[in-house]
Amino acid sequence: MWTRWWLWPLVAVCTADFFRDEAERIMRDSPVIDGHNDLPWQLLGMFNNRLQDARANLTTLADTHTNIPKLRAGFVGGQFWSVYTPCDTQNKDAVRRTLEQMDVVHRMCQMYPETFLYVTSSAGIRQAFREGKVASLIGVEGGHSIDSSLGVLRALYQLGMRYLTLTHNCNTPWADNWLVDTGDSKPQSQGLSPFGQRVVKELNRLGVLIDLAHVSVATMKATLQLSRAPVIFSHSSAYSVCASRRNVPDDVLRLVKQTDSLVMVNFYNNYISCTNKANLSQVADHLDHIKEVAGARAVGFGGDFDGVSRVPEGLEDVSKYPDLIAELLRRNWTEAEVKGALANNLLRVFEAVEQASNPTQAPEEEPIPRDELGGSCRTYYGYPSGASNLHRQWGFLLASLAPLVLCLCLL
């Protein structure tokens, strides 16, 4: 009796070690591709993007979820670095702020070439895996970063944007955000406006992943129905497990399955447990649920590290990914399912987006209607009633009045 009592803790420890060892074995061959990390935003806030500041050294960087040793310990082999600028930049300096954050990602890769490999394709990710580096991609978080301009969208693509989150926590003039579903924002586009539909088509044409994290349910459904390629949720979890409107409801998960799309689970406590506290096991509950409803091909990881203030116990930083994989193995996920969640599902979706692209097709050119644009700090060149046309009208009016003024002066 006493002998059996002492054996149980030993068995539990050995079993835990087995699953952890198995997780590391799998991850050496198939490292994790994380869909969303806000380290660039931290570098702005902490150092104003001065990467040569000694304190910004990514090998010794403290007080963040992410640094190079933690990435190595977590077997992170691919990372979509979030290029984020807050909603209060909309109609102001959003494009400038976006370009500056893209520049940070480029410089980060240049400063640490032994660790990061800047890539823009699924083939590039595979190359980084072979070289043992972190494939570094750019995801632009928030449609306000394109300032309702298809030209800006194409320019960001040329600079490396490989996913665009259609909204952040605010509507754009052409897509509704998730706060519409809570009643904290008013719907403007009922999902996607006609211009928003052109944005989706242009993203498809270019081969840019469409990210539906942060959007309203109507925007989710409209995009899933319109897109010619699979889409991603770069950092969202399951609504049925935690009823936050930032999460994905089951009817949308079924559309995710139909379209062979992908949900990359967010680790923010309030989207995991709907409270300020959460743990690793509860994150696994979300992964289980998405697998059950949408299938194992629909599951991925988008931790939102360095973009949130509260993370689950057991997932304190990016080094903890093997512990989460061990938990999935403990729950009888197969090795193939685990490898799918780690990398293969994202690679499949990315390759499908690339195959659906058509750069030889004529680009979308019809601009957003002038009356749908917001902000008082913009000009309207090119629009029929724009500033340049207004200047011409004033010129014609003054020219026509000149003879009358001359006559009055002669009287």
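The values are calculated or read from the model by the stated rules, or taken from the named source; none is laboratory data. Predicted model, so just to flag it, every value in this text is computed and none were measured. All Cβ positions, glycine included, derive from the backbone under ideal geometry; neighbour counts span all protein chains shown. Each accessible area value is taken on the protein alone, full model and side chains, heavy atoms only, with ligands, DNA and RNA left out. Shrake-Rupley method; radii C 1.70, N 1.55, O 1.52, S 1.80 Å.
Quick grid of which residues meet (1) of a type in the set (S, T, N, Q); (2) buried (at least 16 other Cβ atoms within 10 Å of the Cβ); (3) in contact with a His (Cβ under 9 Å, 6 or more places away or on another chain); (4) in a loop (DSSP other than H, G, I, E, B):
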residue: Asn344; (1), (2), (3), (4): yes, yes, no, no
residue: Val353; (1), (2), (3), (4): no, yes, no, no
residue: Pro359; (1), (2), (3), (4): no, no, no, yes
residue: Asp371; (1), (2), (3), (4): no, no, no, no
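Residues are listed down the side, and each one gets a yes or a no for (1) assigned to a helix (DSSP H, G or I); (2) open to solvent by 10 Å² or more (accessible area, probe 1.4 Å); (3) farther than 30 Å from Leu315 by Cα:
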residue: Gln188; (1), (2), (3): no, yes, yes
residue: Gln197; (1), (2), (3): yes, yes, yes
residue: Val200; (1), (2), (3): yes, no, yes
residue: Leu203; (1), (2), (3): yes, no, yes
residue: Ala218; (1), (2), (3): yes, yes, yes
residue: Arg228; (1), (2), (3): no, yes, yes
residue: Leu253; (1), (2), (3): yes, no, no
residue: Met264; (1), (2), (3): no, no, no
So which residues in the stretch 314-334 are within 24 Å of Leu61 (Cα to Cα) and out of contact with any helix residue (DSSP H, G or I) (no Cβ under 7 Å at 6 or more places or on another chain), if there are any at all?
Glu316, Lys320, Tyr321
Among the residues of the stretch 291-305, write down those that are within 16 Å of Val32 (Cβ to Cβ) and either crowded, with 22+ Cβ neighbours inside 10 Å or without any contact (Cβ under 8 Å) to a residue 40 or more places away in the chain (or both).
Val299, Gly300, Phe301, Gly302, Gly303, Asp304, Phe305
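Within the stretch 323-342, which residues are among the basic types (Lys, Arg), part of a helix (DSSP H, G or I) and either open to solvent by less than 10 Å² (accessible area, probe 1.4 Å) or farther than 21 Å from Arg126 by Cα (or both)? So that I can check it myself, show each step before the final result.
Kept after step one, since they are among the basic types (Lys, Arg), are these residues of the stretch 323-342: 330-331, 339.
Those still in the list that are part of a helix (DSSP H, G or I) too: 330, 339.
Residue satisfying the conditions is Arg330 alone.
Condition check: touching a residue at least 24 places away in the same chain (Cβ under 8 Å) and either part of a helix (DSSP H, G or I) or buried (at least 24 other Cβ atoms within 10 Å of the Cβ) (or both). Does Lys320 satisfy that?
Details: touching a residue at least 24 places away in the same chain (Cβ under 8 Å): yes; either part of a helix (DSSP H, G or I) or buried (at least 24 other Cβ atoms within 10 Å of the Cβ) (or both): yes.
The answer is yes for Lys320.
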Leu287 modelled with pLDDT of 95 or more, buried (at least 23 other Cβ atoms within 10 Å of the Cβ) and under 21 Å from Ala229 (Cα atoms):
no
Taking the condition of being closer than 14 Å to Gly300 by Cα and either at pLDDT below 95 or aliphatic (A, V, I, L, M) (or both), how many residues in the stretch 217-238 meet it?
3
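Answer yes if at least one residue in the stretch 154-165 is in a loop (DSSP other than H, G, I, E, B) and more than 17 Å from Thr98 (Cβ to Cβ), and no otherwise.
no
In this structure, does Leu192 turn out to be under 21 Å from Val248 (Cβ atoms), open to solvent by 10 Å² or more (accessible area, probe 1.4 Å) and of a type in the set (A, V, I, L, M)? Walk me through how you get there before you give the answer.
On the way: under 21 Å from Val248 (Cβ atoms): yes; open to solvent by 10 Å² or more (accessible area, probe 1.4 Å): yes; of a type in the set (A, V, I, L, M): yes.
It is true that Leu192 is under 21 Å from Val248 (Cβ atoms), open to solvent by 10 Å² or more (accessible area, probe 1.4 Å) and of a type in the set (A, V, I, L, M).
Within the stretch 139-158, take every residue that is hydrophobic (A, V, I, L, M, F, W, C) and more than 16 Å from the chain's Cα centre (by Cα) and give me the one that is surrounded by the most Cβ atoms within 10 Å (Cβ to Cβ). Let's see the steps before the verdict.
Within the stretch 139-158, the first condition is being hydrophobic (A, V, I, L, M, F, W, C), and the residues that meet it are 140, 146, 150, 152-153, 155-156.
The next check asks that each one be more than 16 Å from the chain's Cα centre (by Cα); those that pass are 150, 152, 155.
Working: Leu150: 19, Val152: 16, Ala155: 14.
Taking the candidates together, the pick is Leu150.
Among the residues that make up the stretch 59-76, is at least one of them of a type in the set (Lys, Arg), at pLDDT 95 or above and more than 25 Å from Arg162 (Cβ to Cβ)?
First pass over the stretch 59-76, keeping only residues of a type in the set (Lys, Arg): 70, 72.
Checking which are at pLDDT 95 or above leaves us with 70, 72.
Of the ones still in play, those that are also more than 25 Å from Arg162 (Cβ to Cβ) are none.
No, the conditions are met nowhere in the stretch 59-76.
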Kindly list, by first and then second residue, each pair from a residue in the stretch 166-182 that is closer than 20 Å to Val83 by Cβ and touching a residue at least 60 places away in the same chain (Cβ under 8 Å) to a residue that is hydroxyl-bearing (Ser, Thr, Tyr) and part of a strand (DSSP E or B), limited to pairs with Cβ atoms under 8 Å and residues at least 6 apart or on different chains.
His168/Tyr84
Return the pair list, or none, for Cβ contacts closer than 7 Å from residues in the stretch 49-63 that are under 15 Å from Met108 (Cβ atoms) to residues that are of a type in the set (Phe, Trp, Tyr) and not in a helix (DSSP H, G or I), at least 6 apart or on different chains.
Leu58/Tyr112
Could you list, in sequence order, all residues of the stretch 235-261 that are within 27 Å of Asp306 (Cβ to Cβ) and more than 19 Å from the chain's Cα centre (by Cα)?
Val241, Cys242, Ala243
State yes or no: is Arg310 touching a residue at least 40 places away in the same chain (Cβ under 8 Å), surrounded by fewer than 17 Cβ atoms within 10 Å (Cβ to Cβ) and either in contact with a Phe, Trp or Tyr (Cβ under 9 Å, 6 or more places away or on another chain) or part of a loop (DSSP other than H, G, I, E, B) (or both)?
yes
Among the residues of the stretch 29-52, write down those that are closer than 25 Å to Leu324 by Cβ and either out of contact with any strand residue (DSSP E or B) (no Cβ under 6 Å at 6 or more places or on another chain) or assigned to a loop (DSSP other than H, G, I, E, B) (or both).
Asp29, Ser30, Pro31, Asp38, Leu39, Gln42
Out of Val208, Val231, Val215, I need the residue that is more than 18 Å from Asn247 (Cα to Cα) and either free of Cβ contacts under 8 Å to residues at least 60 places away in the same chain or within 17 Å of the chain's Cα centre (by Cα) (or both). Which one?
Val208
